[in-house]
Amino acid sequence: MCIFCDIIENKIPSKKVYEDENVLAILDISQVTCGHTLVMPKKHFKNILEADEDTACKCISVAQKLARQIVENLDAKGCNILNNCNEIAGQSVDHLHFHIIPRYSENDSIKIAFEESPEQDLDEVLARIRG
Ligand code: AMP
Ligand code: ZN
């Protein structure tokens, strides 16, 4: 029922960038930029809000290592590491994954824009986050 679980179980082919006991990284089928990679845990969690800490840490550790390797070996100038969490944030596959998107130029086929938004009372925001 989960496409990434099927990939992990080799029921669906993928281009494996990295694999260990807990984590798999594959090339994204839609390469936003050359080398666009997805890092996912082998254990199924919907997303980072639901994953256990150990699983999240293992994925982030692999994402860091691969980001360095990808940037260096593909001569990228940097990268975006993205995690879309829930549909509202653009999550389309409900199995935790981190995107590593190497960046070559400002004209890469990706747009991440922090636009003007209503001013917030930061003390009130802090109080609400702290609960
Ligand atoms: P998200 O929108 O953050 O959930 O990202 C899901 C990503 O999975 C998209 O970038 C898709 O291109 C990618 N994707 C979907 N199916 C496959 C597949 N079979 N192999 C590799 N990547 C996939
Ligand atoms: Zn899954």
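Rundown of residues vs (1) modelled with pLDDT of 95 or more; (2) more than 17 Å from the chain's Cα centre (by Cα); (3) under 24 Å from Glu21 (Cβ atoms), yes/no style:
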site: Asp52; (1), (2), (3): yes, no, yes
site: Gln69; (1), (2), (3): yes, no, yes
site: Leu82; (1), (2), (3): yes, no, no
site: Ala89; (1), (2), (3): yes, no, no
site: Asp108; (1), (2), (3): yes, yes, no
site: Gly131; (1), (2), (3): yes, yes, no
Taking first residues from segment 104-131 that are surrounded by 10 or more Cβ atoms within 10 Å (Cβ to Cβ) and second residues anywhere that are of a type in the set (Lys, Arg), the pairs with Cβ under 8 Å that are 6 or more apart or on different chains are Tyr104/Lys77; Ile110/Arg103
Going through segment 23-81 in order, the residues found to be aliphatic (A, V, I, L, M), farther than 19 Å from Asp108 by Cβ and in contact with a Ser or Thr (Cβ under 6 Å, 6 or more places away or on another chain) are Ala25, Ile26
Evaluate the following for Ile100: is it within 29 Å of Asp52 (Cβ to Cβ), touching a residue at least 60 places away in the same chain (Cβ under 8 Å) and either open to solvent by 90 Å² or more (accessible area, probe 1.4 Å) or not in a loop (DSSP other than H, G, I, E, B) (or both)? yes
Criterion first (free of Cβ contacts under 8 Å to residues at least 40 places away in the same chain, farther than 24 Å from Ile112 by Cβ and more than 10 Å from ligand 1 (Cβ to nearest atom)) does Asp52 satisfy it?
yes
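So if I check each of Thr33, Thr37, which one is in contact (Cβ under 8 Å) with a residue 12 or more places away in the chain and over 11 Å from the mean Cα position of the chain (by Cα)?
The conditions single out Thr33.
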Going through (1) free of Cβ contacts under 8 Å to residues at least 24 places away in the same chain; (2) more than 13 Å from the chain's Cα centre (by Cα) one by one, Lys77 fails only at (1)
Pairs returned, first residue in segment 1-18 that is without any contact (Cβ under 8 Å) to a residue 12 or more places away in the chain, second residue that is more than 9 Å from ligand 2 (Cβ to nearest atom) and open to solvent by less than 40 Å² (accessible area, probe 1.4 Å), beta-carbon separation under 7 angstrom, 6 or more apart or interchain, are Lys16/Leu24; Lys16/Ile26
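The values are calculated or read from the model by the stated rules, or taken from the named source; none is laboratory data. It should be emphasised that the depicted structure is a prediction, and the values quoted were computed from it without experimental measurement. Don't worry about glycine lacking a Cβ; one is built from the backbone with ideal geometry, like all the others, and counts go over all protein chains shown. Side chains are part of the model used for accessible areas, which takes the heavy atoms of the whole protein and leaves out ligands, DNA and RNA. Shrake-Rupley method; radii C 1.70, N 1.55, O 1.52, S 1.80 Å.
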